[in-house]
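Data block below; observations after.
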Amino acid sequence: MSMQPCRTALWVAVAAAAMVTLPSLAQGTGMPPAHHHQSETQPSAHDSKQAAGGHDAAMPADSSAGHGMHHPAPETTGQLQRLDIGAQIGERPVVRGLGLQPMTGDAMHGMPPMQGGRAPPDARSPDYSDGVGYGSMTGMDMLDDKALGMLLIDRLEYFDGRDSRGASLDAQAWYGNDENKLWLKAEGETGEGRLQDLRTEVLWDRPVATYWDTQLGVRHDFGVGPDRTWAALGVQGLAPYWFHVEVTAYVGQSGRTALRLATEYELLLTQRWILQPRFEANLYGRDDPQRDIGAGLSDAVLGVRLRYEVTRQFAPYVGIDFTRRFAKTADFVRAAGKPVFEPQLVAGVHIWF
Amino acid sequence: MKPYDSGTGPSMPMPSRRRFVQGLALGGAAAMLGAWNKPSWALTSPGQPTVLSGTEFALDIAETPVNFTGAARLGIAVNGMVPGPLLRWREGTTVTLRVTNRLRTSSSIHWHGLLLPFDMDGVPGISFPSIAPGETFVYRFPVRQNGTYWYHSHSGFEEQTGLYGPLVIDPAGPDPIRAERDYVVMLNDWTDENPESVFAHLKKMGEYYNRGEPTVPDFFADVSKMGLHRALASRKMWNEMRMSPRDLIDVTGATYTYLMNGTPPAGNWTGLFQPGERVRLRFINGSSNSYFDVRIPGLKLTVVAADGQNVEPVDVDEFRIGTAEVYDVIVQPQEDRAYTIFAQSMSRDGYARGTLAPRAGMQAEVPHLDPLPVIAMIDMMGAMAQGHEPSLPPHAGEGGRRPDGGEHNAMHDMTPNGAIRTGQPASTDDMDMHGMPAVHHARTEYGPNVDMRVDMPRTNLDDPGIGLRDNGRRVLTYADLHTVGGSLYPDTPVGREIELHLTGNMHRFIWGFDGLKFSQAKPVHFRYGEHLRLVLVNDTMMTHPIHLHGMWSELESPDEKFQVRKHTISVQPAQRVTYRVKADALGRWAYHCHLLYHMEAGMFREVVVS
């Protein structure tokens with residue numbers, strides 16, 4: 001196959017994934033993607049606070065609420081402000097600056113205002129105890145604070161490309177309650193009879209928003225070349241439109257930095273046949289020739305897997321991955337006589353406990 | 001009158017579902033033996049009564065082998081039976097129940113809906129420390145009410161594994177409800193899985209038991225029907241919110257087998273009648289996590305009592321019974337034929353079924369399950385969706401299997417300025433919104449434990465609920481229920497209000513009130529003697545049966561008039577309900593969602609009356 005169309009396609013995919021993921025992430029963490037058309041009537045930060053109060057809000061309705069470019073409009077309806085709380089909190093120029101508007105149009109019908117956001121200053125107290133506490137009675141055995149554990153082997157597969165074949169693993173495990181979890185990750189591959197690459201992470205996971213967790217910990221890389229250790233800080237969660245997203249920043253020794261972005265989507269062909277596109281990209285702050293890594297966008301994988309849920313917890317699959325190395329990383333790989341772009345057929349299982 | 005007149009008989013082994021097909025005549029023969037048909041699979045020794053009446057009772061809690069699906073499992077039984085024996089008391093007596101725990105784990109029995117001293121209420125950690133293995137706890141309390149109730153374990157998941165039974169209290173005087181036949185119809189859900197695994201599955205994957213999610217073919221079907229734009233639009237909100245319009249209930253027929261009086265559908269529990277007789281059916285939803293929609297094709301159902309309290313009789317074709325709710329119904333079959341008692345689950349993937357017949361061994365046609373409903377805009381947005389479809393009934397938007405278009409219309413016709421409210425009813429100049437009560441979200445509703453908030457809940461009670469709207473049948477609603485005699489405290493003014501919001505995060509399977517799980521919350525304090533109003537706003541897209549122990553919940557109409565007295569109040573998605581409570585029962589009480597998995601996930605509060 002010709003290289004050029006593939007490259008183009010991949011770049012389009014990368015761009016599309018970034019378009020979807022970045023603003024989605026922003027929204028999920030409480031930042032607005034700045035796309036709702038009521039954002040036209042969104043008050044300034046100062047006004048938002050008033051609106052959040054909700055009592056000063058009998059302003060005339062802005063019947064012009066419609067579609068168009070965002071611009072803060074001081075004259076807005078109190079009613080709108082109320083609904084808007086979820087969207088306006090944490091409005092950050094960085095998001096707006098990207099100009100990403102994946103959910104434009106009549107987003108009035110969208111629900112973000114019903115989710116997330118920050119409590120208005122006069123929000124009701126949930127405390128009706130009048131100072132009365134719990135008794136000393138034993139025997140309560142509610143499970144709402146109980147620790148659970150999960151092992152998710154998202155991908156355990158055999159891959160076969162033009163120039164490489166082997167096995168790869170992408171697994172996560174956690175243990176803890178709703179508020180605190182110990183979270184382990186392992187992703188890597190073997191080939192040519194040896195461990196090629198293995199990224200392991202030990203993280204402390206905390207929920208920060210309805211669908212988002214922060215993860216803080218360490219990462220250690222094994223495989224070809226010297227091991228590397230990093231501090232890790234990331235977010236993981238579910239973006240609007242059901243994109244599962246992981247974005248993690250890493251700081252290593254000798255001033256190394258890295259950023260990893262991964263997103264998955266599940267398309268239900270039936271209740272059991274599920275098509276799962278997947279995208280992953282790695283960026284590095286500086287060269288690491290010993291591990292064939294160059295600064296900048298180092299590699300990206302776009303894949304799609306078709307799995308059948310024999311049970312919820314056991315699903316074999318087949319699929320295809322397209323891996324592309326970029327910039328200096330590509331030079332390293334080329335120098336090693338390996339392909340810069342490689343499609344791989346994969347077959348494996350998705351299992352969790 | 002022959003109430004529970006012959007509830008004894010030889011026990012029979014539990015046949016598997018396959019064997020049931022062959023064993024049907026035998027099952028029917030067993031059914032003939034009793035008005036309260038002894039569960040044919042229970043390991044009751046021959047001659048042991050399954051109706052226990054009087055004032056002194058000995059109840060043994062122990063594991064027992066059961067087999068509802070063809071897979072042998074251990075259930076938890078009372079006196080060897082699942083459901084446990086029917087307890088029959090009389091109002092005005094004092095009952096003594098010696099409950100012995102023969103399990104290896106602690107246990108308890110809670111008397112659902114009864115007014116009693118709090119230390120007799122049977123909630124571990126609140127009423128008492130639970131019944132330790134090998135120990136006997138003596139419950140003793142005066143019986144101050146009459147009607148149909150039930151009992152169940154309040155420990156862990158014992159209720160899911162069989163520790164429940166019916167409780168009927170005869171009035172001190174003559175029963176104003178006249179019937180020639182009198183049957184308990186107890187509805188339950190059974191899973192062959194360990195309930196703790198069910199809970200863990202839900203924590204790890206909220207949609208684990210939902211096999212009705214929208215698919216790609218669904219989408220293309222919608223595209224061809226309504227066009228690409230509308231098909232996309234109908235999914236927009238759901239996808240942005242990361243919620244499913246098919247998330248009606250968390251545990252479904254994917255794991256549940258639904259039981260009627262402990263009998264799976266193939267077993268066909270049967271109650272006998274002679275044409276022309278008045279038959280009283282005491283429906284008890286003793287399930288752990290199921291809503292049932294009940295009807296008897298060919299018969300009008302006259303609802304005469306709700307949660308043990310007599311109501312002005314109302315004729316319906318069908319009623320929804322929430323988890324832990326109770327409805328007494330009179331039917332009067334005139335024909336000499338069989339009638340199917342059909343109780344389909346709200347998730348439309350299973351049913352409990354039995355038969356009313358003039359002779360044993362008969363059966364009537366079993367209806368098809370209704371299509372799986374899609375959650376309507378009104379279930380997400382309350383009055384916001386309601387107020388802008390004046391031409392449609394309050395349940396606009398749900399029109400059957402594919403109401404996406406309707407939903408979308410309901411949203412589309414909504415003008416932004418009219419639809420949204422400031423939180424202060426007086427401050428809106430929108431006609432539709434006049435009289436809408438204010439909603440006050442708690443400051444703890446803005447965190448990871450909450451996936452939606454409803455700013456404008458609907459308050460109407462005349463909505464039968466999702467999946468029952470416009471189905472061509474007359475379906476009971478709370479607006480139809482009027483307790484005979486009205487409120488117990490008609491002249492006592494209502495003092496303060498306590499507003500609590502039902503909240504959850506379906507993805508994380510976290511449930512609570514005001515965004516707080518039980519373990520994160522403080523008790524709710526009622527001042528002894530006060531007459532207060534509880535305001536519940538359902539900030540979730542699921543229906544929750546909320547149960548206050550020890551005191552009645554006197555449900556109010558939207559204009560705060562007394563409506564009906566209940567012990568369990570089902571709150572629909574995006575609905576606001578209010579009810580009065582007379583805090584006349586000193587002590588510590590449980591207050592919770594009666595969906596067992598929601599309760600265990602945190603939708604629970606302790607109420608202290610002092």
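The values are calculated or read from the model by the stated rules, or taken from the named source; none is laboratory data. Quick caveat: nothing in here was measured; it's all calculated off a predicted structure. Here Cβ is always computed from backbone atoms with ideal geometry, including for glycine, and neighbour counts include all displayed protein chains.
Somewhere in region B:467-489, is a residue over 23 Å from the mean Cα position of the chain (by Cα) and among the hydrophobic types (A, V, I, L, M, F, W, C)? Yes, region B:467-489 has at least one match. Residues that are over 18 Å from B:PRO448 (Cβ atoms), of a type outside the set (A, V, I, L, M) and either over 25 Å from the mean Cα position of the chain (by Cα) or within 12 Å of chain B (Cβ to nearest Cβ) (or both) are absent from region A:197-220 altogether. For the condition at pLDDT 95 or above and either more than 29 Å from B:HIS229 (Cβ to Cβ) or not in a helix (DSSP H, G or I) (or both), B:THR444 qualifies. Tell me whether region B:146-158 contains one or more residues that are at pLDDT 95 or above, within 14 Å of chain A (Cβ to nearest Cβ) and more than 21 Å from A:MET142 (Cβ to Cβ). Checked region B:146-158: no residue is at pLDDT 95 or above, within 14 Å of chain A (Cβ to nearest Cβ) and more than 21 Å from A:MET142 (Cβ to Cβ).
For region A:260-272, the set of residues classified as assigned to a strand (DSSP E or B) and buried (at least 16 other Cβ atoms within 10 Å of the Cβ) consists of A:ARG260, A:LEU261, A:ALA262, A:THR263, A:GLU264, A:LEU268, listed by residue number. The residues listed here are B:ASP462, B:ASP451; of these, the one that is closer than 29 Å to B:LYS582 by Cβ and in contact with a Ser or Thr (Cβ under 6 Å, 6 or more places away or on another chain) is B:ASP462.
Read through the list (1) out of contact with any helix residue (DSSP H, G or I) (no Cβ under 7 Å at 6 or more places or on another chain); (2) at pLDDT 90 or above, then give the number of the only condition that B:TRP269 fails. If we test B:TRP269 against (1) out of contact with any helix residue (DSSP H, G or I) (no Cβ under 7 Å at 6 or more places or on another chain); (2) at pLDDT 90 or above, just (1) comes out false. Take A:ASP292 and decide whether it is surrounded by 16 or more Cβ atoms within 10 Å (Cβ to Cβ) and in contact (Cβ under 8 Å) with a residue 60 or more places away in the chain. Spelling it out, A:ASP292 is indeed surrounded by 16 or more Cβ atoms within 10 Å (Cβ to Cβ) and in contact (Cβ under 8 Å) with a residue 60 or more places away in the chain. Here region B:97-148 is the region considered, the condition is being more than 18 Å from B:ASN79 (Cα to Cα) and among the β-branched types (Val, Ile, Thr), and the residue that is surrounded by the most Cβ atoms within 10 Å (Cβ to Cβ) is B:ILE126. Residues in region A:150-175 that are in a strand (DSSP E or B), out of contact with any Gly (no Cβ under 8 Å at 6 or more places or on another chain) and of a type outside the set (A, V, I, L, M): A:ASP154, A:ASP160, A:GLY161, A:ASP170, A:GLN172. Filtering region B:198-248 to residues that are basic (Lys, Arg) and farther than 23 Å from B:MET377 by Cβ leaves B:LYS203, B:LYS204, B:ARG211. Summed over region B:207-247, residues that are within 30 Å of B:GLY354 (Cβ to Cβ) and in contact with a strand residue (DSSP E or B) (Cβ under 9 Å, 6 or more places away or on another chain) total 1. On the stretch given as region B:561-590, residues that are closer than 15 Å to B:PRO437 by Cβ and touching a residue at least 40 places away in the same chain (Cβ under 8 Å) total 7.
For residues that are outside any strand (DSSP E or B) and either in contact with a Lys or Arg (Cβ under 6 Å, 6 or more places away or on another chain) or of a type in the set (Asp, Glu) (or both), scanning just region A:212-241, find the one that is farthest from B:MET205 (Cα to Cα). Taking the candidates together, the pick is A:GLY225.
Restricting attention to region B:231-278, the residues that are away from chain A (no Cβ under 14 Å), crowded, with 23+ Cβ neighbours inside 10 Å and in contact with a Gly (Cβ under 8 Å, 6 or more places away or on another chain) total 11. For region B:193-212, the count of residues that are assigned to a loop (DSSP other than H, G, I, E, B), closer than 19 Å to B:ILE249 by Cβ and away from chain A (no Cβ under 13 Å) is zero. Within region A:124-145, the presence of a residue that is under 30 Å from A:ALA186 (Cβ atoms), outside any loop (DSSP other than H, G, I, E, B), facing chain B (nearest Cβ under 7 Å) and not charged (D, E, K, R) is excluded.
Which one is surrounded by the most Cβ atoms within 10 Å (Cβ to Cβ) among residues in region A:229-259 that are over 18 Å from A:GLY116 (Cα atoms) and aromatic (Phe, Trp, Tyr)?
My answer is A:TYR250.
Restricting region A:316-350 to residues that are of a type outside the set (D, E, K, R) and over 20 Å from A:GLY166 (Cα atoms), the residue that is farthest from the other protein chains (Cβ to nearest Cβ) is A:ALA335. Reported count of residues in region B:467-525, each being among the aliphatic types (A, V, I, L, M), farther than 19 Å from A:GLY117 by Cβ, surrounded by 17 or more Cβ atoms within 10 Å (Cβ to Cβ) and within 14 Å of chain A (Cβ to nearest Cβ), is 3.
Please work out if A:PRO120 is modelled with pLDDT under 95, surrounded by 22 or more Cβ atoms within 10 Å (Cβ to Cβ) and more than 7 Å from chain B (Cβ to nearest Cβ). Taking the combined requirement at face value, the residue satisfies it.
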